[in-house]
Every structure is written in C-alpha cells, then in structure tokens.
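What follows is a single structure, written as structure tokens, with notes after it.
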Amino acid sequence: MRRERGRRSKRRVCSFCVDKVVEVDYREAQKLRRYITERGKILPRRISGNCAHHQRQLTVAIKRARNLALLPFTID
C-alpha cells in the first residue's frame, strides 16, 4: 500500500500503558503470545506499537517464559 504524500499513518498506542501495567509478567503466556510471530520471533516495537520501556520488559518476559517452557522457542 502506498501512502499519500505528506500523510502519516496513525501511531499505535502501547497496550501496556493503556492498561496501566507496571511490570510485564512472564507467567501470562496468553498475553505474551500476541507479541510473537507464527515462526516464534518477538515482534519489533514498530509493529507491536509498544513503548520502549514496555518493549524491553516484554522481551525479557518472553525469554523467561521460553526458558520455563511456558512459550515455545519455535512453532512448527
């Protein structure tokens, strides 16, 4: 899709800031699953729409959940 000249798309809002989440919890696997691609990769900030603070927490939480086998490293 091509954008019109001078027109920007609307910036996505951080879902964690909207819910006023202080810390992202690694035990909430269903919530973390939204931020993983079908190949098992972590979605980048520009696609997920998270702020930098929550994106860093999200990355750490996903990695912890993977190590505890709450989330898979790869999805077949």
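Of all the numbered requirements in (1) under 14 Å from the mean Cα position of the chain (by Cα); (2) at pLDDT 95 or above; (3) not acidic (Asp, Glu), Arg66 misses one, and that requirement is (1). When residues in the range 59-76 are screened for being under 27 Å from Arg12 (Cα atoms), loosely packed, with under 15 Cβ neighbours inside 10 Å and in contact with a Phe, Trp or Tyr (Cβ under 9 Å, 6 or more places away or on another chain), 2 of them pass.
Does Arg56 count as out of contact with any strand residue (DSSP E or B) (no Cβ under 9 Å at 6 or more places or on another chain), surrounded by 10 or more Cβ atoms within 10 Å (Cβ to Cβ) and at pLDDT 95 or above? Yes: the conditions hold for Arg56.
The values are calculated or read from the model by the stated rules, or taken from the named source; none is laboratory data. All of these numbers come straight from a predicted model, not from anything done at the bench. FYI the Cβ positions are ideal-geometry reconstructions off the backbone, even for glycines, and counts take in every protein chain you see.
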